[in-house]
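Taking it in order: structure first as structure tokens, then the write-up.
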Amino acid sequence: MSRFDRVRIAIRKDELLWKGWSEFRRIVFDYIRPDDTAVELQWEVFDRGEAVVVLLYDPDRDMVVLVRQFRIPVHLMGDKPFLLEAAAGSMEHGEDPVATVCREAMEETGYRAASPRFLFSAYMSPGAVTEKVHFYVSRVSAADKVAEGGGLAEENEDIEITELSLDEALAMIGTGGIIDAKTIMLLQWAALNRGQL
């Protein structure tokens, strides 16, 4: 048992600062230690809800299907903003994660993800962002490419579909060609679990 098992949190204020595609909130709370001493803390939290990401893998060609798309935060940091990523998207409230995986894979890549397999969940930036991402892998074949992909026009998505060998994608992590954390995590999982693919 950790001493943190006896820590208590008492929310004093949950203030909505901004609402748009996501929410930005200020949380004021008491952090109460096991000896009952308390300190009042204030954190700003970017509320993103839950999301899914899926590594589409074609075992016949030992190939992964990724997408390249624009990311404004990356641009603001001075890096090349067109990132190679695994297909991903936010879950609608109450939506089944597998349904989200299948929808996002189709919209972004045009591939039918017939049987996505859950791998793990992770918080991507728990110091400031609520987003919990559920990671999946799904086998695909050339026959599963049933639509154009490229994203939804009504969401102004501009997505390029990229197919790479697994080894090539893994090498791109070291060269800086792939810098998206969720994609790196999935590719590392694939490298460690090639026999399961």
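To the nearest 20 debye, what charge dipole does segment 3-47 have about its Cα centre, counting +1 at the Cβ of each Lys and Arg and -1 at the Cβ of each Asp and Glu?
Numbers: 9 positive and 10 negative charges, 7 e Å.
That gives a dipole near 40 debye.
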For log10 I(q)/I(0) by the Debye sum over Cα atoms at q = 0.09, 0.12, 0.15, 0.19 Å⁻¹, with candidates [x] -0.42, -0.69, -0.96, -1.33; [y] -0.64, -0.79, -0.95, -1.17; [z] -0.48, -0.73, -0.98, -1.29, the value calculated from the shown model is option [x]
Out of 136, 74, 37 - ranked by how far each Cα lies towards the positive end of the dipole of the chain, with unit charges on the beta-carbon of charged residues - the top one is 37
Taking a crude spin-label model, label points 7 Å out from Cα along the C-beta direction, the residue 36 to residue 19 distance in nm is 3.9 nm
A student applying the Cα gyration tensor rule (rounded when a/c is under 1.5; otherwise prolate if a/b is larger than b/c, oblate if not) would label segment 90-196 rounded
Once amide hydrogens are built 1.01 Å from N within the peptide plane, the residues lying 5 or more places from residue 91 or on another chain with amide H under 5 Å from its amide H are 50, 51, 52
Between the residues 55, 27, 113, the Cα farthest towards the positive end of the dipole of the chain, that dipole coming from +1 and -1 charges on the beta-carbon of Lys, Arg, Asp and Glu, is from 27
When 14, 58 are arranged by how many other beta-carbons sit within 10 Å of their Cβ, fewest first, they go 14, 58
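Can you classify segment 16-61 as rounded, prolate or oblate using the Cα gyration tensor, where a ≥ b ≥ c are the square roots of its eigenvalues, rounded means a/c under 1.5, and otherwise it's prolate if a/b beats b/c and oblate if not?
Numbers: a/c = 7.32, a/b = 1.99, b/c = 3.69.
Judged from the Cα gyration tensor, segment 16-61 comes out oblate (a/c at least 1.5, b/c at or above a/b).
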Straight-line reach check, residue 19, cutoff 22 Å on alpha carbons, 8 or more apart in-chain or any other chain, hits among lysines -> 132
Whole-percent tail of the Cα-Cα distance distribution for segment 24-123, cut at 16 Å, equals 70 percent
For segment 3-47 the mean separation of alpha carbon contacts under 8 Å (6+ apart) over residue count, i.e. relative contact order in percent, is 37 percent
If each part is reduced to its alpha-carbon centroid, segment 101-117 and segment 32-68 end up apart, in Å, by 20 Å
Computed about the Cα centre, the charge dipole of segment 9-83 from +1 Lys/Arg and -1 Asp/Glu charges at the Cβ has a magnitude in debye, to the nearest 20, of 380 debye
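Determine the relative contact order of the chain: mean sequence separation of Cα pairs under 8 Å and six or more apart, normalised by residue count, in whole percent.
On the way: 404 pairs, mean separation 40.5, N = 197.
Across the chain, relative contact order equals 21 percent.
Using helices alone, what [θ] at 222 nm do you get for the chain, with -39,500 (n - 2.57) per DSSP H run of 4 or more residues, divided over all residues and rounded to the nearest 500? Spell out each step's value before the answer.
Values: 4 runs with 40 residues, N = 197.
Using -39500 (n - 2.57) per qualifying helix, the result is -6000 deg cm²/dmol.
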For the chain, the longest principal axis of the Cα atoms and the Cα long axis of helix 181-192 enclose an angle in degrees, to the nearest 10, of 60 degrees
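With +1 assigned to the C-beta of every Lys and Arg and -1 to the C-beta of every Asp and Glu, and no other charges, what is the dipole magnitude of the chain about the Cα centre in debye, to the nearest 20? Don't skip to the end; give the middle numbers.
On the way: 22 positive and 34 negative charges, 139 e Å.
It comes to approximately 660 debye.
Throughout, read-outs are computed from the coordinates displayed, never taken from laboratory work. Note that this is a predicted model, so its numbers are computed, not measured. Note that each Cβ is placed from the backbone with ideal geometry, even for glycine, and that neighbours are counted across all protein chains shown.
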